[in-house]
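Encoded as structure tokens, the structure appears first; notes follow it.
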Amino acid sequence: MNAGVIAVQGDVSEHADAVRRAAASHGVEVDVIEIREAGVVPDCDVLLMPGGESTTISRLLSEEGIDEEIRAHVAADKPLLATCAGLIVASSDANDERVATLDVLDVSVDRNAFGRQADSFEAPLSVTGLDDPFPAVFIRAPVIDEVGEGVEVLAEWDGDPVAVKQGSVVATSFHPELTADSRVHDLAFFRQAHAATPVDADAEVDA
Ligand code: GLN
């Protein structure tokens, strides 16, 4: 399996490690490819768009022409996991004209909503599809204000959606790559109809 991590800016290596751990738990071999230019996304089975700074990420994606390739990846029903700034970039509306959103996820977001309350915090989060709470790390996290009809809310914090799924796209306000727990990556890539590689859903998963 080829896993592409959008690497124009943000926390790339942590996502690479998390997808490797999730794949290993299914006995799937994974090549992680860091994406900084156009022409690579079409070779990827799954994509990750990390946290970082959404205005910078969106600007570089469009300058490099990677934006269109990500749209085509999602249009082809291939999995994308977008976290924090990645969620903002994937959204249909960031409520900020400095972010050119990709519009591959029908949600509108408030970029720094959690950041205004507390810069960073960790909370145990109930996530649909996971048996035990997930240790969710929030860093200047966006709040999802509105979700479109086809969007399933997988987790809420303080009454707001913080993990969502639409078709082959899973997105979180928090940073699942910053803990040793790779269950969100597992959920995004191996536990849905859009999984790149069919796996036994009952397989043992190392958290
Ligand atoms: N709020 C940041 C932004 O707008 C995202 C923060 C993060 O990814 N940790 O880009």
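For every residue, the table says whether it meets (1) within 16 Å of the ligand (Cβ to nearest atom); (2) out of contact with any Cys (no Cβ under 9 Å at 6 or more places or on another chain); (3) not acidic (Asp, Glu).
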| position | (1), (2), (3) |
| --- | --- |
| Glu149 | no, yes, no |
| Thr172 | yes, no, yes |
| Pro176 | yes, yes, yes |
| Ser182 | no, yes, yes |
Just wondering, is there one or more residues in segment 65-83 that are touching a strand residue (DSSP E or B) at 6+ places or on another chain (Cβ under 8 Å) and at positive phi?
no
Restricting the search to segment 118-160, which residues are over 25 Å from Val104 (Cβ atoms), hydrophobic (A, V, I, L, M, F, W, C) and out of contact with any strand residue (DSSP E or B) (no Cβ under 7 Å at 6 or more places or on another chain)?
Ala118
Between a residue in segment 66-94 that is at pLDDT 95 or above and any residue that is aromatic (Phe, Trp, Tyr) and in a helix (DSSP H, G or I), which pairs come within a Cβ distance under 8 Å, given they are 6 or more apart or on different chains?
Pro79/Phe189; Leu81/Phe189
Residues being closer than 24 Å to Ala72 by Cβ and part of a loop (DSSP other than H, G, I, E, B) - total across segment 116-156
4
Which residue pairs have Cβ atoms closer than 9 Å, lie 6 or more positions apart in sequence or on different chains, and pair a first residue in segment 110-135 that is under 15 Å from His175 (Cβ atoms) and modelled with pLDDT of 95 or more with a second residue that is of a type in the set (S, T, N, Q) and outside any loop (DSSP other than H, G, I, E, B)?
Val127/Thr172
Could you tell me which of the residues Ala123, Ala72 is surrounded by fewer than 23 Cβ atoms within 10 Å (Cβ to Cβ) and closer than 24 Å to Glu149 by Cα?
Ala72
Does Val107 fit the bill of being under 20 Å from His15 (Cβ atoms) and of a type in the set (A, V, I, L, M, F, W, C)?
no
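The values are calculated or read from the model by the stated rules, or taken from the named source; none is laboratory data. What you are looking at is a predicted structure, and each value in this text was computed from that prediction instead of being measured. Because the Cβ atoms are built from the backbone with ideal geometry, glycine has one as well, and the counts that use them run over all protein chains shown.
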